[in-house]
Every structure is written in structure tokens, then in C-alpha cells.
Amino acid sequence: MPEPTPFKNRFTSRRGMLFGAAAVSAGTLLVGCTSNDSKDEEPAANDQPAADDKPGKQVTIGFAGPQADHGWLNAINDNAESRAKKYSDVTLEITEGSNDTAQQIGQIETLINKKVDVLVVLPADGKALTQVGLKAMRAGIPVVNLDRIFNTPQAYRCWVGGDNYGMGLNAGHYIGEKLKGTSDARVIELAGLDNLELTKQRTQGFDDALKNYPNIKKVARQAAEFTVESGQAKMAQLLQAQPKFDALWNHDDDQGVGALRAIEQAGRDDFLMVGGAGALAAFQAIKQDNGVLKATVLYPPTMAASAIDLARALGQGKGVGGLAEYEIPASITLYSAVVDKTNVDQYMSTGFK
């Protein structure tokens, strides 16, 4: 999930005021649509009310995502469900989830037929599910497109998701600053699935960041499959092929569990490692600070809680607290913060298992 620039096209993947407690703890940096201060009834613009924690019009939100076969996707579902329970005026209709395109389309069509007020959709494949997004919008059901983006803005009212290019960019700058005094520094990359656009964006951001550090050369790259097993196997190959390097960037904390196993088995501790996404196990390892993992770059699953906030505001016809506009934004790209031992305690509660 084209080659984006640091300021454009960074929302083709997978925080002002924040999206309430869940997003605050995740350190999101863009404007959201609720405030935990229920006395905050200031209008978004002129006399347009802004969404807050006070009960309002009842809203039924349909939530459809892919099969939760990965720690991050499990956290997406958990964030959506727990956020919806926060509001007495929200009813959440959640599907079982599927990685089969036809099955997920069928699940979304069922939600359309139930005439839910708003849809939140994290498509297994954004391109393949564009038509059902269009179907919902044409039926008068606004769609909050979560993470993996549909092919056309006509298929959604608002997109909210992570910054894959920014992940690579921030990982590269973190490593670059850590190796600034190292001559002829060598770095390697353990990527995710190469057939995903998001993997290409993460690599592009990383490569662009490294261009700022002429003392650093990327000497190897392996693509894994976002699983513990693939992370272990591909990392073992990298370690065998590269007897000497200074830093590793691993795209995904789930496959990072396997990568760390391979590193331990090889008895290697002569480099620093930066992970990706924000798993609890990664945060704990960073806090303990007794291994190679020194940081991880966030791809926050709290985006699902933010999507529920946005869907509620849409269903109630309200604006966003802290913005002058009458309407919620058309797109919101989350910030890929770097978490290391200096700030890990702030993010610990957001780590996913």
C-alpha cells in the first residue's frame, strides 16, 4: 500500500484534539472527533455541534474487516469493539471477518441490507472491495474506509489509516542518527510481503531517509510474510549472509518475534534493531533494554477506535471538536511515532498481543 512523497500519497495502505482516551494513549497527532471533557460543547463552526462524550442520536455502525489472523488485526477488532462500548448511543454490528474477497463483500452487503447508519470497512483488498464501498455510499450509508484504501474517493466518506511511507522514513532517520558517528555503516532490512503496496512504501521511506546519511549503506534486504515463522527463517538467512552489519529494520513486530529468535540462536548482539507496528512484546523488550531491539515505529491499531469516533460523528451529523469546518475531514493519516526506552512507558498500554 506509486512512490509517495513525505507529504503526499501516504494514505494508500494499511493523530489539535485527539480521538478520546484510546487515541490519547497511542500518541496520535491528528484531530479527532470526541473529547473526554464532556463539558466541551463548543461548536465546530458557528452553530454546528461537535461530537463529544454526551449521549446523542442513536447510531448503528456496521464494522467489517478481514480475518483476525495477525496480532495487529486482532487489535483492530478489539479497539473497534471497546470504543463502541464507550458510547451508550452506539450499536456495533460486527462481521466475522474474512480474507476471502467474495465472502467479505457478502458480509458488507448484509450490513447494507440491514440499513446500518454508517459503515466502517477495513478491506482485505482495497481494490477488490471498491465496488461494495460504492454500493454503500450510493445507498446513502457513509463509509469510513479504514487503512487499506479503496480505489476511488467515491467509495468512502472518510479514510483513516497508517503512514507506511512514514514508518520507513522514521525508522531510517532513527537508525541514521544512531549511526551518525559510524564510518561505513551497514544496515539490512527485513521487509514484509513484497506483493503488498504497503511493503513497497515502507521500503521507499526507509531508503529515502538513508539518503540523508552518506556514511550508511543498505547491504541486504529480505522479504518475509508477517509471521513468526517467516521472520525466523528469513532472518536466519540474512544473518548467515551478512556476518557484519550495524543496524536492522524489521517491518513488523509479529515477524520480529521470529527474527529475534534467529538472532538469539545465532548468538548475535553486535547491531541495533528497529521494529514496526507496536506490539506489546516489542515494547517490553525495549523497556528491558537487554537485547538488540532498541525501538519500534508505530502503525497504531487505535485507528479502529478513531474510525468508530468518526462513524459516530457522521451518524449524528456532527462536526469535529477543535476544527472550524462543519464536516469531518476526508482523510486522516496517523503519525508513525518512534518508540524507544525514552517514551515506551507512554505507549505500553496500547501494545497489541
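Please name all residue pairs, on different chains or six or more residues apart, with Cβ atoms under 7 Å, provided the first residue is in segment 336-353 and is over 23 Å from His173 (Cα atoms) and the second residue is part of a loop (DSSP other than H, G, I, E, B). Between residues of segment 336-353 that are over 23 Å from His173 (Cα atoms) and residues that are part of a loop (DSSP other than H, G, I, E, B), the close pairs are Thr350/Gly278; Thr350/Pro300; Thr350/Thr302; Phe352/Gly278; Phe352/Pro301.
Output the residues belonging to segment 288-312 that are in a helix (DSSP H, G or I) and under 21 Å from the mean Cα position of the chain (by Cα).
Answer for segment 288-312, where residues must be in a helix (DSSP H, G or I) and under 21 Å from the mean Cα position of the chain (by Cα): Met303, Ala304, Ala305, Ser306, Ala307, Ile308, Asp309, Leu310, Ala311, Arg312.
The lone criterion from (1) among the charged types (D, E, K, R); (2) crowded, with 24+ Cβ neighbours inside 10 Å; (3) at pLDDT below 95 left unmet by Lys318 is number (2).
Per-residue answers, yes or no, for (1) assigned to a loop (DSSP other than H, G, I, E, B); (2) in contact with a Lys or Arg (Cβ under 9 Å, 6 or more places away or on another chain); (3) open to solvent by less than 10 Å² (accessible area, probe 1.4 Å):
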residue: Glu229; (1), (2), (3): no, no, no
residue: Ala233; (1), (2), (3): no, no, no
residue: Gly256; (1), (2), (3): no, no, yes
residue: Ala259; (1), (2), (3): no, yes, yes
residue: Gly267; (1), (2), (3): yes, no, no
residue: Asp270; (1), (2), (3): yes, yes, no
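Tell me the strands (runs of 3 or more DSSP E) entirely within segment 115-201 that contain at least 2 residues that are farther than 30 Å from Ile94 by Cα.
Counting at least 2 such residues, we get 185-191.
Under the condition of being open to solvent by 10 Å² or more (accessible area, probe 1.4 Å) and either under 22 Å from Thr110 (Cα atoms) or aromatic (Phe, Trp, Tyr) (or both), the residues counted in segment 154-177 number 4. Just one of the numbered conditions (1) at negative phi; (2) in contact with a helix residue (DSSP H, G or I) (Cβ under 9 Å, 6 or more places away or on another chain); (3) open to solvent by 10 Å² or more (accessible area, probe 1.4 Å) is not true of Gly97: (1).
Please go through segment 287-315 and give me each residue that is surrounded by fewer than 24 Cβ atoms within 10 Å (Cβ to Cβ) and at negative phi, ordered by number.
Listed by number, the residues that qualify are Lys287, Gln288, Asn290, Gly291, Val292, Lys294, Gly315.
All conditions in (1) closer than 29 Å to Ala295 by Cβ; (2) open to solvent by 20 Å² or more (accessible area, probe 1.4 Å) hold for Gly192, with the sole exception of (2).
For Val144, the conditions (1) modelled with pLDDT of 95 or more; (2) β-branched (Val, Ile, Thr); (3) open to solvent by 10 Å² or more (accessible area, probe 1.4 Å) all hold with the exception of (3).
The values are calculated or read from the model by the stated rules, or taken from the named source; none is laboratory data. Quick caveat: nothing in here was measured; it's all calculated off a predicted structure. When we count neighbours, we look across all protein chains shown, and the Cβ atoms used for this are built from the backbone with ideal geometry, even at glycine. With ligands, DNA and RNA removed, areas are computed over all heavy atoms of the protein, side chains included. Shrake-Rupley method; radii C 1.70, N 1.55, O 1.52, S 1.80 Å.
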